[in-house]
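What follows is a set of notes on a single structure, which appears directly below.
All of the numbers you see were taken from the coordinates with simple rules; none came from a lab. Not measured: the values here are computed from a predicted model. Glycine gets a Cβ as well: all are built from the backbone with ideal geometry, and neighbour counts include every protein chain shown.
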Amino acid sequence: MTVNRIVALATTLVLTISTITMAADDCSVSLFDGKTLDGWIQKNGTATYRVEGDTIIGKTTPKSPNSFLCSAKEYGDFDLELEVKLINNELNSGIQIRSQTKEAKGTEKFGRVNGPQVEIAAGGDNGSPSGYIYGEACGGWMTPDAKRKSHKAFKRGEWNKYRILAQGPRIQVWINGEKIDDLTDEAKFKTHAKGFIALQVHGVGDKGPFEVAWRNIKIKVLDK
């Protein structure tokens, strides 16, 4: 066997091992197949969700309360990555994590969605509050007021990459690689240690219609 042949085989072996190692290390799975809303359930509100290209697009409807497209599965500790774009800067949105539904009332099909929400908001000239954590229907802002400062990490009119790392009572958030929040909330973890992921379309009253888009939604489960 020639030296060149040996080098070629060795190189192939190294590349193969590297590929296998990377696949083993990256255990993330896609929550969106890029074609359908299989694996998702809409709860609350009347906003519409549709698949267009490789994106999920949420669109407001008049006088609707907050709407949520919820994962059928529940997650506790995880590393979640996705991209989001506010097609209309007037719209506020969010990413629910470890969320639940309250008991349904009357003719409701689902009770009120509640739980930690990572903020999506275009903000203004002074920056955005995106990435901070809000207790949707469960107490309001979880990120303390003193730490909730406007920033320029969120890009208006562009795709923004979010990373949300939830481990025990600690939740960390990055936007476009910039760390925005690092919150430990023992009390909230006691009531919301596990739950669904959801994509929110905020109610806008008589305004709109406004749209928000999500794509490349991947999660790596960290539960032991």
- Message: How high is the relative contact order of the range 29-221? Use alpha-carbon pairs under 8 Å, at least six apart in sequence, and give a whole percent.
- Response: 35
- What is the Cα centroid distance between the range 20-97 and the range 161-199, reported in whole angstrom? 16
- Message: What does the C-alpha gyration tensor say about the overall shape of the range 108-210? Classify as rounded when a/c is under 1.5, otherwise prolate if a/b is larger than b/c, or oblate.
- Response: oblate
- Task: Could you give the size of the charge dipole of the chain about its Cα centre, using +1 on the Cβ of each K and R and -1 on the Cβ of each D and E, expressed in debye and rounded to the nearest 20?
- Result: 180
- Counting only backbone N atoms under 19 Å from a point 7 Å out along Cα-to-Cβ of Phe110, the residues of the range 67-95 in range are 67-76, 92-95
- Its Cα gyration tensor gives the range 161-224 an equivalent ellipsoid whose semi-axes in whole Å, largest first, are 26, 16, 13
- Query: To the nearest 10 degrees, how steeply does helix 3-25 sit against the main Cα axis of the chain, on a 0 to 90 scale?
  - Reply: 20
- Item | Column: log10 I(q)/I(0), Debye, Cα scatterers of the range 29-221, q = 0.17 Å⁻¹ | -1.14
- Message: Below 8 Å between Cα atoms, with a sequence gap of 6+, how large is the relative contact order for the range 44-113 in percent?
- Response: 26
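For Lys149 and Thr46, compute 0.36 nm times the residue count separating them, minus their Cα-Cα distance, and round to one decimal in nm.
Taking 0.36 nm per residue and subtracting the Cα distance, the gain is 33.9 nm.
Run lengths n ≥ 4 of DSSP H only: what is the helix-derived mean residue ellipticity at 222 nm for the chain, with -39500 (n - 2.57) per run over all residues, to the nearest 500? List each step's numbers first, then the result.
On the way: 2 runs with 29 residues, N = 224.
Only helices count here, giving -4000 deg cm²/dmol.
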- Query: When the Kirkwood hydrodynamic radius is evaluated over all pairs of different C-alpha atoms of the range 19-107, what value in angstrom, to one decimal, is obtained?
  - Reply: 15.5
- Item | Sites Asp182 and Asn126, calculated FRET efficiency, Cβ-Cβ separation with R0 25 Å, nearest 0.05 | 0.65
